[in-house]
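A quick write-up on the structure given underneath.
Rule-based calculations on the coordinates, nothing more; no lab input. Not measured: the values here are computed from a predicted model. As a convention, Cβ positions derive from the backbone with ideal geometry for all residues, glycine included, and neighbour counts pool all protein chains shown.
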Amino acid sequence: MIIALVNRNPTQAEFERFRLILSTYQDGSGQQALKDGRTLPGWRDFERSVAAAFGGIAQENKFIFDVLIPDTKWKGISFGISCKMRRTLNDTKRKGRVTLELSNSSGKFWNRLAEKEIHHQNYRETPLKVAQALLTQENEWHAEVGLERGGQVDLSGSFYLALSWNLQGEYQLFKFALDLPSPSSLTWDFPSVVRNSIEQAGRRLRGQDEVGTLFEWYGESGGQLKYYPLVENALWKSDIFTLEPLPADWNEKHGIVKKARDYFPELWDALG
């Protein structure tokens, strides 16, 4: 069966439904607070909007995929969406790359490295081996829930979905393949840094393709594994869009207090 986002691009109407749902999180229910009582959607709101707009189920937990879209042909089988949201749209415009934080599971990454006898004292000596271990772990997390391992996620139709935005109120969606580039096809190093005019050994693992940085890993400061695919390599991308402005009387007629009144009228009225 043909499913929006999974194996075909969303129609204009389907995308507009997503945009309008995402826009509702300006009413005080969004994760990011503004000074006037309004809010902006955060990463969890993004996941819920994707699920609501495209017939999926937001997982709301630590599952490897954030949204599952049921296969309409095979019962019990779903396609996974790994949702990533970052305030990096201005960087994307400037560099032509999208920022995806793949994982910040520092402990699990170091455990994987320990299996290769790589530890804090020697990891900067073998950047390629570190990269191979990290990307293997990332791929392994997906494989563990895939059909071939007895899971219920069809990885062939699963993907990363990134929402980039900026403080100017612009947003853009990007879809990228789940398969990551082979570490051996990239150049890896730990670039040195200069502090107080003194050059010091760096702790940031960098993986470069022919035109720039594709991966970064901050093993000793949060453990974030970041991925910067080129915009031109996206499987699909939306136009840049903005959230639909709330009506002037949004707080009175549509805000979270109004929601409470509508959901629980008898209990609310009893408050006096």
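Taking the Cα centre of the range 1-70 as reference, the dipole from Cβ charges on Lys and Arg (+1) and Asp and Glu (-1) amounts to some 60 debye. Remark: the range 136-195 carries a charge dipole of roughly 220 debye about the Cα centre, counting +1 on each Lys and Arg Cβ and -1 on each Asp and Glu Cβ.
Highest-first packing order for the peptide set 241-250, 105-114 is 105-114, 241-250, based on the mean count of other beta carbon atoms within 10 Å. Multiplying the residue separation of Asn139 and Ser221 by 0.36 nm and subtracting their alpha-carbon distance yields 27.3 nm.
Quick one: order Lys116, Lys84 by neighbouring beta-carbon count within 10 Å, fewest to most.
Numbers: Lys116 14, Lys84 22.
Going from least to most buried by this count: Lys116, Lys84.
On the basis of the beta-carbon distance and an R0 of 35 Å, Thr242 and Gln200 show a calculated FRET efficiency of 0.25.
Give the Rg/Rh ratio for the chain, taking Rg as the radius of gyration of the Cα atoms and Rh as the Kirkwood radius, to two decimals. Rounded to two decimals, Rg/Rh equals 1.03. For the pair Asn166 and Lys259, the difference between a 0.36 nm per residue extended length and the Cα-Cα distance amounts to 30.6 nm. Between Ser103, Pro247, Ile3, the Cα set farthest toward the positive side of the dipole of the chain (charges on each charged residue's Cβ, about the Cα centre) is that of Ser103. Against the chain, whose longest principal axis comes from its Cα atoms, helix 106-115 is set at around 30 degrees. Which of rounded, prolate, oblate describes the range 76-212, given a ≥ b ≥ c as roots of the alpha-carbon gyration tensor eigenvalues and a/c under 1.5 marking rounded, otherwise prolate only if a/b is larger than b/c? Judged from the Cα gyration tensor, the range 76-212 comes out oblate (a/c at least 1.5, b/c at or above a/b).
Please label the shape of the range 144-272 as rounded, prolate or oblate, based on the square roots a ≥ b ≥ c of the eigenvalues of the alpha-carbon gyration tensor (a/c under 1.5 means rounded; beyond that, a/b larger than b/c means prolate, else oblate). In terms of gyration-tensor shape, prolate.
Near the amide H of Gly42, within less than 5 Å, lie the amide hydrogens of Gln31, Gln32, all on another chain or at least 5 residues away, with H placed in the peptide plane.
Taking label points 7 Å from Cα along the Cα-to-Cβ direction, Ser192 and Asn122 give a separation of 2.4 nm. Rounded if a/c is under 1.5, else prolate if a/b beats b/c, else oblate: with a ≥ b ≥ c from the C-alpha gyration tensor eigenvalues square-rooted, which is the range 71-133? Oblate, because a/c is 1.5 or more while a/b does not exceed b/c. For Lys129, the lysines whose Cα comes closer than 22 Å to its Cα, not counting residues fewer than 8 places off in the same chain, are Lys108, Lys116, Lys226.
Taking only Cα atoms, what is the 0 to 90° angle, nearest 10, from helix 127-144's long axis to the longest principal axis of the chain? With both axes taken from Cα atoms, the answer is about 40 degrees.
Neighbours of Ala13 by Cβ distance under 15 Å: Lys/Arg scored +1, Asp/Glu scored -1, total -1.
Charging the Cβ of each Asp and Glu at -1 and of each Lys and Arg at +1, and nothing else, the dipole of the range 135-272 about its Cα centre rounds to 320 debye. Net length available on complete extension from Ser184 to Leu235 is 16.1 nm, with 0.36 nm assigned per residue and the Cα-Cα distance removed.
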